[in-house]
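*Asks:* Okay, here's the structure, questions in a sec.
The values are calculated or read from the model by the stated rules, or taken from the named source; none is laboratory data. Here the structure is a predicted model, which is why all the values come from computation and not from measurement. Don't worry about glycine lacking a Cβ; one is built from the backbone with ideal geometry, like all the others, and counts go over all protein chains shown.
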Amino acid sequence: MDYSTSNGAKISVGPANSVANDATAYGAITYTEIIGAEDIGELGDESEVVPFTPLSADRVMKLKGSRDAGDLALVVGYRADDAGAIALAAAEQTNFQYPFKIELDDAPAGGTNTIRYFRALVNSARDTIGAANNVNRTNYNLPVTSKVVKVAATAGA
């Protein structure tokens, strides 16, 4: 399989407090695509390093601690009719978790795309107006509150 670019990738948001922990449950949720998404940012687990220095040793030991999927920085171009962005703006006003779906455009001929599912808070929505030749954007911060469920692309029949 060849490498792919981010072109054609999509991010969508689901309804508040939807309970899902696996691909089947996430796949059953109805999502609203965020049409103006320009940059989806990064997400994925990173473990906390837990240092320990026993008195009998001359070296700090490092153990693997709790996992954190990070905070996704999402940049969205402003469109008054973008239902996904409207849902994100409303979500920022709540304390609820929301399911998200990222779908890459990488399906082999006749196959399915790679998908990432996760839950997150919508922690901030900051507008960037910029200079004369800029697109108006909103920058969202999405603290990920679940593990990221990965569904690999599949080949066609």
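*Asks:* For Ala109, work out the one condition from (1) touching a strand residue (DSSP E or B) at 6+ places or on another chain (Cβ under 9 Å); (2) touching a residue at least 40 places away in the same chain (Cβ under 8 Å); (3) closer than 22 Å to Ser4 by Cα it doesn't fulfil.
*Replies:* Only one criterion is unmet by Ala109, namely (1).
*Asks:* Of the conditions (1) among the hydrophobic types (A, V, I, L, M, F, W, C); (2) under 17 Å from Gly27 (Cα atoms); (3) at pLDDT below 95, Ala109 satisfies every one except a single condition; which number is it?
*Replies:* Of (1) among the hydrophobic types (A, V, I, L, M, F, W, C); (2) under 17 Å from Gly27 (Cα atoms); (3) at pLDDT below 95, only one is false for Ala109: (2).
*Asks:* Taking the conditions exactly as written (at pLDDT 95 or above, in contact with an Asp or Glu (Cβ under 8 Å, 6 or more places away or on another chain), within 24 Å of Ser6 (Cα to Cα) and of a type outside the set (Ser, Thr, Tyr)), does Ile86 satisfy them or not?
*Replies:* Working: at pLDDT 95 or above: yes; in contact with an Asp or Glu (Cβ under 8 Å, 6 or more places away or on another chain): no; within 24 Å of Ser6 (Cα to Cα): yes; of a type outside the set (Ser, Thr, Tyr): yes.
The answer is no for Ile86.
*Asks:* May I pose another question? Out of all the residues in the range 133-145, is one or more exposed (fewer than 15 other Cβ atoms within 10 Å of the Cβ), on the phi < 0 side of the Ramachandran plot and in a strand (DSSP E or B)?
*Replies:* Within the range 133-145 (the criterion being exposed (fewer than 15 other Cβ atoms within 10 Å of the Cβ), on the phi < 0 side of the Ramachandran plot and in a strand (DSSP E or B)), the answer is no, since none of the residues qualifies.
*Asks:* Is there a residue in the range 72-93 that is free of Cβ contacts under 8 Å to residues at least 40 places away in the same chain, small (Gly, Ala, Ser) and not in a helix (DSSP H, G or I)? Lay out the reasoning, then the answer.
*Replies:* At the first step, the residues of the range 72-93 found to be free of Cβ contacts under 8 Å to residues at least 40 places away in the same chain are 80-81, 86, 90, 93.
Okay, now just the ones that are also small (Gly, Ala, Ser), so 80, 90.
From what's left, not in a helix (DSSP H, G or I): 80.
Yes: one or more hits.
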